[in-house]
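I am attaching a structure below and will ask some questions about it afterwards.
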Amino acid sequence: MSPIIPPPSQATASEIDRLIAEIDAYRDRDVSHAELGSVSGFQEAQAVRVSIGDYFVELLTLLAGVAELVDPAIRETVVSRIRDERRTLGKVDDEIDRLVVEGVHTTQYPNARDKLIRSLKERGGAAKLYLQPFEAAIRTKRLEQMIDAASVAKSELEAREGLARIETIVNEAKKNLANLQAQTMKAAVDASASSFQSLTQAHEAQEKTWFWIFAASALATLGALIAVLFWHDTSTSTAEVVFAIVRRGLLVSVAAVFLKIALTKFNLERNLRIIYAHRESVLAQYKIFESAIGDDTAAKNQFRLEIAKYIFSDPVTGYVTSASPSEINISPMVSLLEKVSGK
């Protein structure tokens with residue numbers, strides 16, 4: 001016999017009313033700090049807070065009207081999520097006040113201010129995206145309630161408005177999801193562009209170093225050849241002649257080896273510098289073209305796939321051939337795959 005599991009705590013109408021009052025208090029709190037002006041103040045954050053509070057109050061009011069018709073799990077989920085978001089958003093308000101008290105003239109203030117505003121926007125968008133499916137279910141119950149009402153004409157009008165609202169919710173959910181994907185993609189592109197820029201600069205510095213080493217080695221090799229050609233040797237015995245030839249050969253060989261190493265390293269570093277500069281340039285062009293596509297999600301996804309292939313299709317620079325030995329793995333992607341596969 002299976003054990004009896006007690007039902008979860010359910011949000012009552014009084015609890016919903018108390019939560020609405022808490023949201024009203026949160027919405028009425030002013031954290032704009034208008035005395036700091038439009039540049040240093042939090043007017044934008046205040047507008048976002050009011051918008052979030054309006055949405056929560058609207059949804060809770062709608063839920064209170066059909067509380068007995070809505071599935072208890074949906075009712076409890078909506079109330080719990082809004083209550084948790086209210087607490088989290090209150091902590092953001094406290095962070096804003098703390099930041100203002102610490103001083104707006106510190107070097108950390110602008111970045112900290114922008115981070116708090118961005119966090120508030122992302123938090124509100126994520127909460128709305130999470131609650132919209134439940135809002136659609138609640139509005140559906142509201143439509144069923146209106147159908148049973150006495151005033152058929154009025155109910156029909158409200159039903160049409162509700163259906164329009166549900167359609168708007170679906171469209172907003174799709175748009176919010178696309179925006180979240182775009183933000184994630186933008187962060188990844190920015191991080192990759194910064195990484196490629198750092199690699200380009202590092203290999204450019206190495207390229208210059210090996211160029212001067214190559215130039216010095218070339219001069220040393222030239223000097224060795226001149227010394228060998230104009231080295232006057234008075235040796236008469238066979239052993240002395242052989243030793244003199246070997247000594248001259250070693251002198252030229254050592255200089256030539258250093259010259260070869262320097263040239264090889266120079267070509268490798270130049271090749272890598274061109275490749276990473278190419279990738280950095282492709283990412284810069286990607287941002288421009290993606291913004292020109294508009295809101296066509298399918299076209300953007302296809303474009304991202306094509307640009308990813310193009311980024312890692314390294315250009316043929318002519319400085320390195322496939323048969324050339326190299327101590328450097330040109331593609332970090334290949335290196336990562338080799339580590340994962342255990343090769």
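As an exercise: evaluate Tyr26 against (1) at pLDDT 85 or above; (2) surrounded by 15 or more Cβ atoms within 10 Å (Cβ to Cβ); (3) under 21 Å from Pro133 (Cβ atoms) and give the number of the one condition it does not meet.
Exception for Tyr26: condition (3).
Next question, about the same structure. Identify all residues within the range 218-239 that are in contact with a helix residue (DSSP H, G or I) (Cβ under 7 Å, 6 or more places away or on another chain) and modelled with pLDDT of 75 or more; write none if there are none.
Ala218, Ala220, Thr221, Leu225
Residue check: is Ile275 modelled with pLDDT of 70 or more and either within 18 Å of Thr200 (Cβ to Cβ) or assigned by TED's automatic domain parsing to the domain that holds Gln201 (or both)? Please lay out each step first, then the result.
Values: modelled with pLDDT of 70 or more: yes; either within 18 Å of Thr200 (Cβ to Cβ) or assigned by TED's automatic domain parsing to the domain that holds Gln201 (or both): yes.
So Ile275 fits the description; yes.
Would you check if there is a residue in the range 59-81 being outside any helix (DSSP H, G or I) and either exposed (fewer than 13 other Cβ atoms within 10 Å of the Cβ) or in contact with a Gly (Cβ under 8 Å, 6 or more places away or on another chain) (or both)?
Within the range 59-81, the subset outside any helix (DSSP H, G or I) is 66-71.
After this cut, where a residue has to be either exposed (fewer than 13 other Cβ atoms within 10 Å of the Cβ) or in contact with a Gly (Cβ under 8 Å, 6 or more places away or on another chain) (or both) as well, the list is 68, 71.
Yes, the range 59-81 contains at least one residue that is outside any helix (DSSP H, G or I) and either exposed (fewer than 13 other Cβ atoms within 10 Å of the Cβ) or in contact with a Gly (Cβ under 8 Å, 6 or more places away or on another chain) (or both).
Moving on. Exactly one of (1) at pLDDT below 85; (2) under 28 Å from the mean Cα position of the chain (by Cα); (3) loosely packed, with under 11 Cβ neighbours inside 10 Å; (4) not aromatic (Phe, Trp, Tyr) is unmet by Asp148. Its number?
(2)
Listed here are the residues, each with its yes/no results for (1) at pLDDT 90 or above; (2) surrounded by 12 or more Cβ atoms within 10 Å (Cβ to Cβ); (3) charged (D, E, K, R).
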site	(1), (2), (3)
Ser9	no, no, no
Arg49	no, yes, yes
Leu89	no, yes, no
Asp114	no, no, yes
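When the range 74-99 is examined, which residues are found to be free of Cβ contacts under 8 Å to residues at least 24 places away in the same chain and either of a type outside the set (Lys, Arg) or at positive phi (or both)?
Asp84, Asp94, Glu95, Leu99
The values are calculated or read from the model by the stated rules, or taken from the named source; none is laboratory data. All of these numbers come straight from a predicted model, not from anything done at the bench. Every residue, glycine as well, gets a Cβ built from its backbone with ideal geometry; the counts of neighbours run over all protein chains shown.
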